[in-house]
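Enquirer: One structure, as structure tokens, below. Some questions next.
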Amino acid sequence: MDLDRAMFNPASVFASPGAVCDAQDLSHAQKVEILRRWEYDARELQVAAEENMGEGSEELLDEILAALHQLGAGIDLDNSPPTKQGGF
């Protein structure tokens, strides 16, 4: 697996967020980082959809959040900006 590619574009390497959790050749921290990047991308697509510039998938975001929960990774408040991309 190409870790750099997975970090840059998780969807190009993994069929689903659950596949990230199942990957045997990744550390826990790498899995969380990949899913966080995928979460950011999914949120960006939702913002674009709200602005009529594309489509965002609520189901994909739900899958990503479920995978993060499965890994025990909650919301990262320390690194979340106050934006629609997931911050508070």
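Enquirer: So, in region 1-30, exactly how many residues are of a type in the set (Asp, Glu) and assigned to a helix (DSSP H, G or I)? Let's see the steps before the verdict.
Expert: Just the residues of region 1-30 that are of a type in the set (Asp, Glu), to begin with: 2, 4, 22, 25.
Next cut, assigned to a helix (DSSP H, G or I) only: 4, 22.
The total comes to 2.
Enquirer: If you don't mind, another one. Out of (1) crowded, with 18+ Cβ neighbours inside 10 Å; (2) of a type outside the set (A, V, I, L, M, F, W, C); (3) at pLDDT below 70, the odd one out for residue 10 is which?
Expert: (3)
Enquirer: Look through region 62-78, keep the residues that are modelled with pLDDT of 90 or more and among the aliphatic types (A, V, I, L, M), and return whichever of them is farthest from the chain's Cα centre (by Cα).
Expert: So the residue we want is 71.
Enquirer: Going through 44, 59, 55 one at a time, which residue ends up being loosely packed, with under 13 Cβ neighbours inside 10 Å, modelled with pLDDT under 90 and not in a loop (DSSP other than H, G, I, E, B)? Step through it out loud before you land on a result.
Expert: Details: 44 fails: loosely packed, with under 13 Cβ neighbours inside 10 Å; 55 fails: not in a loop (DSSP other than H, G, I, E, B).
Step by step, each of 44, 59, 55 is checked, and only 59 is loosely packed, with under 13 Cβ neighbours inside 10 Å, modelled with pLDDT under 90 and not in a loop (DSSP other than H, G, I, E, B).
The values are calculated or read from the model by the stated rules, or taken from the named source; none is laboratory data. All figures in this text were calculated on a predicted structure; none of them were measured in a lab. Glycine also receives a Cβ, built like all others from the backbone with ideal geometry; neighbour counts cover every protein chain displayed.
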